[in-house]
1. Take the chain, connect every pair of alpha-carbon atoms lying under 10 Å apart with a spring to form a Gaussian network, then pick out the residue of ALA210, ALA248, ALA106 with the largest mean-square fluctuation.
2. What's the magnitude of the charge dipole for the chain around its Cα centre, counting Lys and Arg as +1 and Asp and Glu as -1 at the beta-carbon? Answer in Debye, nearest 20.
3. Mind checking the angle between helix 268-285 and the chain's longest principal axis? C-alpha axes, 0 to 90 degrees, to the nearest 10.
4. Note down the relative contact order for the chain as a percent, whole number, built from C-alpha pairs under 8 angstrom at least six residues apart.
5. How far apart, in nm, are two points set 7 Å out from the Cα along the Cα-to-Cβ line at ASP199 and at VAL104?
6. Along the Cα-to-Cβ line of VAL181, 7 Å from the Cα, sits a label point; which residues in region 279-306 have backbone N less than 14 Å from it?
7. Mean separation of Cα pairs under 8 Å and 6+ residues apart, divided by the residue count of region 1-140: what relative contact order is that in percent?
8. Per residue of region 93-98, what does 6.51 cos²θ - 1.76 cosθ + 1.60 with θ = phi - 60° give for ³J(HN,Hα)? Whole Hz please, x for Gly and Pro, Karplus curve as stated.
Amino acid sequence: MGPDCGTAVIGGVGLGFANVVRPGPVGVVAASGTGSQQVMSLLDSAGVGVRHCLGVGGRDLSAAVGGRSTRQALALLDADPDVQQIVLVSKPPDPGVEAAIREVAAGLSTPVQFALLGPGRPDLTAAARAAVEAAGGTWRTLPVWPAPADGGTPPGRVRLRGAFAGGTLCDEAMIVAAEVVGPVASNIPLPGAVRLGPDLRTGVDGARPAHVMIDFGDDELTRGRPHPMIDGSLRAAWLARQAAEVAAGDGIVVLLDVVLGHAAHPDPAAELAPAVVAARARARARGGALAVVVSLCGTQGDPQGLRRQAEALAAAGAAVHLSNAEATRAALALLSAAG
């Protein structure tokens, strides 16, 4: 319904990047593609289904756009008698637009849950849990596939590196990480953080930041090439470069997202798992260590096979979480453990 919209589910039929979710009473307004996929996947894991997900584009709640498609989507879902709850998912919104949309939501007959990213706000997993409980469901502990015993990092200088296919998942990870390590440099930086230059290694000021997260799905990096949810080769090459930078006694904690569903790579683990194995081996050979934490976004019904993907990535040496926020906190815990 809006520019740069890549995800929608209409009556159970996915359009663009979409997960296979069970039918149910929830309607989603998505000013975020992978953010809505994360929320829908978490709802599905708790047994709560989705009737529609109306994508409106990640810029819809910006000051320039003013939530035009969001208003329309809210009205459409409110008019559907089979939608008993609406969840609005968005990247960090413009404060003025958010206030106006909250006024619109307050006037609807259908209750609206807000999953709006930003510092001090609930993460998407917490928002999904609130939506599950509001729908009368029971939140279930999410499974985790731990890394092998040698998957940690040694004492010494340890850096955090993130490589994301989903811009909203990158935003969420940076928000969570900033609470612990301070602002994280990025090609899509949050306010107050360093913007990376074209090499994606140094800031525009020429300095080399300690902690970096990159959105490989950003428009600047997808011109003339497939989106990283379709083609993981760019991130696999990036992972090799990270391993090549590990010095003796030092370590890197890498945070990756893997998004399943229709239109995504048919077997992303087949492309990324060998890259994880090779990167960890190269870091060890240099006298350091490289730990990998994966945020796996998907459902049991996705064609790639959620469990099969998780097991393949874990066998390669990665810790795998179904919650992006929990994956980020696990990566931060490795940093803290390394001292």
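The values are calculated or read from the model by the stated rules, or taken from the named source; none is laboratory data. What you see is a predicted model; the values in this text were computed from it and never measured. Positions of Cβ are generated from backbone atoms using ideal geometry, with glycine treated the same way; all protein chains shown enter the neighbour counts. Surface accessibility is based on the protein's heavy atoms, side chains included, excluding ligands, DNA and RNA. Shrake-Rupley method; radii C 1.70, N 1.55, O 1.52, S 1.80 Å.
1. Judging by the Gaussian network model, the answer is ALA106.
2. Dipole about the Cα centre, nearest 20: 760 debye.
3. That helix lies at roughly 30 degrees to the long axis.
4. Details: 801 pairs, mean separation 62.8, N = 339.
Value for the chain: 19 percent.
5. For the pair ASP199/VAL104, the computed spacing is 4.4 nm.
6. Residues 290-294 qualify, since their backbone N sits under 14 Å from the label point.
7. On the way: 310 pairs, mean separation 35.7, N = 140.
Relative contact order, region 1-140: 25 percent.
8. After applying 6.51 cos²θ - 1.76 cosθ + 1.60, I find x, 5, x, x, 5, 4 Hz.
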